[in-house]
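Okay, structure first, notes after.
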Amino acid sequence: MRNEETRVTQKYQTTIPKEIRKYLKVKPRETVTWHVLRSMVVVDSHKKMDDPVGFLTSQVKTAITMDAVGLVRETREEEFG
């Protein structure tokens, strides 16, 4: 999936791009949750993913290759101390 950009309005609102809405199967009136991890923002659509580890590792590109378990461990340490 390619990167998408949206503009933030004066009321700090934005639109989820069509390609991402379709991929996440987000429908009107559904709730999404925003998470801040390091300098990234992750939007959770609360949908069950077939392969969440594969998805995460395909989306995160770091200078040091990190396995999914390491990524989850590091995220938990940052989140919960």
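Since every read-out is calculated from the coordinates, none of them should be taken as a lab result. Please read all numbers here as calculations on a predicted model, not as lab measurements. Glycine also receives a Cβ, built like all others from the backbone with ideal geometry; neighbour counts cover every protein chain displayed.
Within the set of other residues whose C-beta is less than 12 Å from the C-beta of I20, count the net charge using Lys and Arg as +1 and Asp and Glu as -1. If you can, show how the numbers build up before the last one.
Details: positive: R2, K18, R21, K22, K25; negative: E4, E5, E19.
Once positives and negatives cancel, what remains is +2.
By how many degrees, between 0 and 90 and to the nearest 10, does the Cα long axis of helix 68-80 differ from the longest principal axis of the chain?
That works out to roughly 70 degrees.
Mean residue ellipticity at 222 nm from the helices of the chain, using -39,500 (n - 2.57) per DSSP H segment of n ≥ 4 over the full residue count, to the nearest 500 deg cm²/dmol? Let's see the in-between values first.
Working: 3 runs with 28 residues, N = 81.
One gets -10000 deg cm²/dmol as the mean residue ellipticity at 222 nm.
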